[in-house]
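J.: Please find one structure pasted underneath; my questions will follow.
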Amino acid sequence: MDLNDLREKIHQGGGPKRIEKQHQKGKMTARERIEFLLDKKSFVELNTFVTHQNPDLGELPGEGVVTGYGTINSKMVYIFAQDFTVSGGALGKMHAQKICNVMDLAAQSGCPIIGLNDSGGARIQEGVDSLHGYGEIFYRNTIFSGVIPQISVIMGPCAGGAVYSPAITDFILMSRDTSQMFITGPEVIKSVTGEKVNFQELGGADVHSSLSGVAHLVGDNERATLNLLKKLLRYIPQNNLEVPAKMGFTRPRKKASAVVPKNPNQGYDVVELIESIVDDTSFLEIHKGFAKNAVVGFATMEGNVVGVVANQPKFMAGCLDIDSSDKIARFVRFLDSFNIPLLTFVDVPGYLPGVGQEHQGIIRHGAKVLYSYADATIPKITVVVRKGYGGSFVAMGSKALKADMVYAWPQSEIAVMGPKGAVNILYKEELKNLNKQEQEIKRDELLKKYIDKFANPFVAASKGMVDEVINPDETRDYILNSLMLLAKKQTSKPSKKHGNIPL
């Protein structure tokens, strides 16, 4: 057969009817997605003619997956895109081999690997070979973790083993209404448990971006999702030996002092505070809909990429709970893997109390935050904005966990616990013998005494736990100076195979 004819046949995938069916669902084909995502005419396909070895399967053009490399905004990436028009994008032995080959090349070249996932799962006709193929992919996801960025984009149904490879990667993006992720589908769940649920309710983008925390970013459609991926890649280096490329920037338009209320119990949006300090319009929030009591994301400071972690007083007063602990720890680990400095904005009253939290393991999950901050060797700069109480203050990038610079605003309160709670405990006996009016007068007196003695940044600064107490509107300049100072930071840790994070 003529080379061009054979190549054209493979490029047609499952044929015009299946391509049309894909379009009717609001989905692009694998090749259309690659063409939209990569720079024009930059894609080079690999292993075009690989095919399965099972005589019972018939023709499966391209083995149901397109693999190769190209550029996105002139940065080299390796990519695979599963082709749902060919046997539902099901994974068999040679399909997996194509993916493994491009993953190996990405690691050897020091480039990100992107997976455009659109697969019904394992190819049943190939039996254990399909399962082994998934295992080979999982292995590479694991050993390349922290070496090259790995990004999964869910473009259709991903079921069973198909969801575990994305789960190991650094970021998962989903397309609203056309993508789902689940271990077992609605029919199996109904037959086993009797529960009735549809595909979107079970594993749609909104579920995974808000409830499970599986998805990091969600686009309204496939093109919007792929554009989000392009934006995300701007903040990420090619590999663990590089730093992100510097970008253009403009200074923020807001003043930090105008964002945070003087009343310590009044809520505010910490995203507005972040935007008043980082470069204008540079903040890209990650996991926006999940664990809203914490905010994580990327930004730039005079064009240099930083990672941002903050408590969000708008939700649950910014308390740390199980989900926010996982969210923060995972993000800090990524930053540390890829040499991205960490900015932390602290306004945290504590870990969330409650029987449910205790029984579900807040101790174990909360410890992940401690571990990730302590283990990170990147530049770590912390700003205590308002509240910093108890163990949650220690967890959020404190000096004890080897933050390089800790700054505090003058109105911040740093103590074992909040003044009101502390006074009620410390002076319980003294207060109970007074009448109501006397109690109020005495409590106000004791509160002032406690704040002056314990709950202010100058006490912590006097002990070296805060490097400097600064005016809010000086925050950006202090951070910029710290980033310049720490640009070539070097550190060493005890020799070991690896630590044992409390997963």
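The values are calculated or read from the model by the stated rules, or taken from the named source; none is laboratory data. Bear in mind that the values here come from a model prediction, so they are computed numbers and not experimental data. Neighbour counts are summed over all protein chains in view; Cβ atoms, including those assigned to glycine, are modelled from backbone coordinates with ideal geometry. Heads up: the accessible areas ignore ligands, DNA and RNA and are worked out on the full protein's heavy atoms, side chains in. Shrake-Rupley method; radii C 1.70, N 1.55, O 1.52, S 1.80 Å.
J.: Can you name the residue in segment 228-254 that is assigned to a loop (DSSP other than H, G, I, E, B), modelled with pLDDT of 95 or more and among the charged types (D, E, K, R) and is also nearest to Ile72 (Cα to Cα) among such residues?
T.: The qualifying residue nearest to Ile72 (Cα to Cα) is Arg234.
J.: Looking at this structure, is Phe345 closer than 26 Å to Leu233 by Cβ and within 15 Å of the chain's Cα centre (by Cα)?
T.: no
J.: In addition: Any idea which residue in segment 171-211 is modelled with the highest pLDDT, counting only those that are of a type in the set (Asp, Glu) and in a loop (DSSP other than H, G, I, E, B)?
T.: If we take residues in segment 171-211 being of a type in the set (Asp, Glu) and in a loop (DSSP other than H, G, I, E, B), then Glu195 is modelled with the highest pLDDT.
J.: Further question: Please go through segment 404-454 and pick out each residue that is in a loop (DSSP other than H, G, I, E, B) and closer than 20 Å to Pro349 by Cβ.
T.: Restricting attention to segment 404-454, the residues satisfying the condition of being in a loop (DSSP other than H, G, I, E, B) are 404, 409-412, 416-418, 427, 433-435, 454.
Trp409, Pro410, Gln411, Ser412, Val416, Met417, Gly418, Phe454 - these are the residues of segment 404-454 that are in a loop (DSSP other than H, G, I, E, B) and closer than 20 Å to Pro349 by Cβ.
J.: Something else now. Only one of these conditions is not met by Gly356: (1) crowded, with 18+ Cβ neighbours inside 10 Å; (2) more than 22 Å from Ile501 (Cα to Cα); (3) over 21 Å from the mean Cα position of the chain (by Cα). Which number is it?
T.: Result: Gly356 passes all but (1).
For (1) touching a Cys at 6+ places or on another chain (Cβ under 9 Å); (2) open to solvent by less than 30 Å² (accessible area, probe 1.4 Å); (3) over 23 Å from Glu474 (Cβ atoms), each residue gets a yes or a no:
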| position | (1), (2), (3) |
| --- | --- |
| Asp269 | no, no, no |
| Ile274 | no, yes, no |
| Ile277 | no, yes, no |
| Phe290 | no, yes, yes |
| Val295 | no, yes, no |
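J.: Taking the stated definitions as given, is Lys327 touching a residue at least 40 places away in the same chain (Cβ under 8 Å) and closer than 28 Å to Leu232 by Cβ?
T.: yes
J.: Okay, next question. Could you look through segment 147-201, keep only residues that are among the basic types (Lys, Arg) and free of Cβ contacts under 8 Å to residues at least 12 places away in the same chain, and pick out the one that is surrounded by the fewest Cβ atoms within 10 Å (Cβ to Cβ)?
T.: Filtering segment 147-201 for residues that are among the basic types (Lys, Arg) and free of Cβ contacts under 8 Å to residues at least 12 places away in the same chain, the one surrounded by the fewest Cβ atoms within 10 Å (Cβ to Cβ) comes out as Lys196.
J.: Same structure, new question: Return the pairs, sorted by first residue and then second, in which the second residue is acidic (Asp, Glu) and crowded, with 16+ Cβ neighbours inside 10 Å, the first residue lies in segment 35-59 and is assigned to a helix (DSSP H, G or I), the beta carbons are less than 9 Å apart, and the residues are 6+ apart or on different chains.
T.: Qualifying pairs under 9 Å: Phe36/Glu222.
J.: Ok, one more. Six or more apart or on different chains, Cβ under 7 Å: which pairs go from a residue in segment 459-479 that's more than 24 Å from Lys449 (Cα to Cα) and open to solvent by less than 40 Å² (accessible area, probe 1.4 Å) to one that's of a type in the set (A, V, I, L, M, F, W, C) and in a helix (DSSP H, G or I)? Could you list them?
T.: Close Cβ pairs (under 7 Å, with a partner that is of a type in the set (A, V, I, L, M, F, W, C) and in a helix (DSSP H, G or I)) amount to Pro472/Ala256; Thr475/Ala256.
J.: Also, I was wondering about something else. Could you please find all residues in segment 263-299 being touching a strand residue (DSSP E or B) at 6+ places or on another chain (Cβ under 7 Å) and either part of a strand (DSSP E or B) or free of Cβ contacts under 8 Å to residues at least 24 places away in the same chain (or both)?
T.: Leu284, Glu285, Ile286, Ala294, Val295, Val296, Gly297, Phe298, Ala299
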